[in-house]
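Remarks on the structure that follows.
What follows draws every value from the coordinates through simple rules; no lab data is involved. Predicted model only: the values in this text are computed from it and were never measured. Because the Cβ atoms are built from the backbone with ideal geometry, glycine has one as well, and the counts that use them run over all protein chains shown.
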Amino acid sequence: MFGDGREDQTPSFEPDGGTQRALDPEDTPDGAGRAGRTDPLGGEGATPDELVDAVFDRLAGELGPGAADALETAREDLKSGLDGATTPGDAPATAGAAAGLDYHRILHHIGTPLFVLDAEGEILTWNSQLEQLTGVSEEDAKAMEMASMAFYPDGRRAKTLADKVIDAPERTDEEYGVPRVESASFTLYRDTSVMLDQDGEEVHISFSAAPIHDEDGDLVAVVEMVQDRTGDVLRHEHTADLVTELEETMRAIRSGDLDARAAFHNDDGHVDASLLGVVDELNDMGDTLRELIERVDGNANDLVAAADRSAEAAVDVEGAVAEQNELLGEVADDVQEVSASMEEIAATSNEVAAAASRAKDAVADGVDAGEQARSVTTDLTGTSETLVADVTGLEERMAEVSEITDIIADVAEQTNMLALNANIEAARAGESGSGFAVVADEVKTLANETGEYAERISRNVAEVQKQATETVGTVEESNQQIQRAEAEIGDALDALDDIADAVDEAANGIEEVADANDGQADAIEGVTTTIEEARSHAQDAETAADRIVDATESQTSSVADLVDSVERLHDDDGSA
């Protein structure tokens, strides 16, 4: 209130300014001030209503729009009271009408504590509301050396704000550090303080003071209004206490004390009921949080068990997939080996087929050679028969014919041997088909030689006629040998035919085996491709199983951390 530049922590009252009508000595020329001074707020020449309006206009400027309704009601009540105190026939402009209605009576009817000091600091008015606030009557206040003694009996302040305004009406803010209300249309200062009431209790007050000047600009008075803001301060303090209680409770809950609850008593009613509802809401939240933590604790334990089972299953899956992948790898290797073997079989089958084809050709050549040998033997048989017929008449030169016959016998014997060899070669046709060509060449050579000897026989026929009789038996025997050779050659040809048929069947079978082998090779190749794809999928599955195991381990770790956190909450709760 009395402006030494200090403000307490509670909010001060801030009016909106407004139009203020100054009450100067011209309005009350003959004021009834103490010690014969001209009273700046009272005197003759003004009607009671004008005095009331002047004072309330000033109050409206001080208090702002928020107090307009209350001031208007008080204004009307005061006018009614004053009207009852005057006679209806009194002339409003006469000095007698205002003689008993000085400003003191008006200010005492105002519901706001205020006092007025003259330019020398003497108390002119100390209204009834201020008497109630301070417990000091107007008479006692006027008797005090300083007005501040009524507010601060302990001497904590020597001057009121009004005293400071008297010292420096337009520079109080500069001289004393008292805030000036810049929004006001007139000079106004405002400050806050703490005073002692009549019971010795501290009262938080805000106060404002405004200088009043006459028409020459000279200071004639200072009006100071005082407002009890203890309720606002206590409301602020209790609200701050409530906020502190809520913050401490929330910190305790956040630290793990799930039993922490806010407790706040509002016996004096300084805190709004809507704010008190926050206490119940916070406590309800604490109950809900505790229930939630307990449920989370139970669920976390279940989750740990499930995570452990998942981890074990994932490990089993990983092992099974790895084993399957390994088996698929082995199968793929085996199939590749089978495929390689099939390729070798295919190559061998092709070689065998080629060899069979060559054997078939060789057998065909042997058959041709045998046929030629048969033809030669047949011719030789005819020649022998002719020779027998001719030799029958030839008895001359038999010795030479005998020699030639021996040669022919040798040729027949060799032919017989060749037939035997052809028979043997036919038996070996599967291993070597080229022998048939050799036998055929030998038979041809011998046939040529036999032709030459036959010519010699023809030239010596005349000489061997005498010896024919002797050689008939030999020729007949030779003829029989040739016939036997022809029969044996026929048997050899029949065997060669059988061999040719067998070679054909073998060649056909080998071709069928080769075809089947090719089909199996194609099938094996398809199986190999399928196995490789399955192996690739198995590797992907193994990789996925690894990721599942890693994820499960991470999940298990996270769940373990959650359980640890919940357990720490319970531990902190138990130790709190």
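Can you list residues from other chains, or at least 5 along the same chain, whose modelled amide H is less than 5 Å from the amide H of V220?
I212, H213, D214
Using amide H atoms built in the peptide plane, which far-off residues or other-chain residues are under 5 Å from T125 H to H?
Residues meeting the criterion, in which the H sits 1.01 Å from N, are V116.
For the pair V304 and A263, what calculated FRET efficiency results from E = 1/(1 + (r/R0)^6), where r is the Cβ-Cβ distance and R0 = 35 Å, to the nearest 0.05?
That pair, A263 with V304, gives E of 0.40.
Per residue of region 202-214, what does 6.51 cos²θ - 1.76 cosθ + 1.60 with θ = phi - 60° give for ³J(HN,Hα)? Whole Hz please, x for Gly and Pro, Karplus curve as stated.
6, 10, 7, 10, 10, 8, 9, 9, 9, x, 10, 10, 8
How long is the gain from S341 to D406 if the chain were fully straight, where each residue apart is worth 0.36 nm and the alpha carbon distance is subtracted?
Computed gain between S341 and D406 is 17.2 nm.
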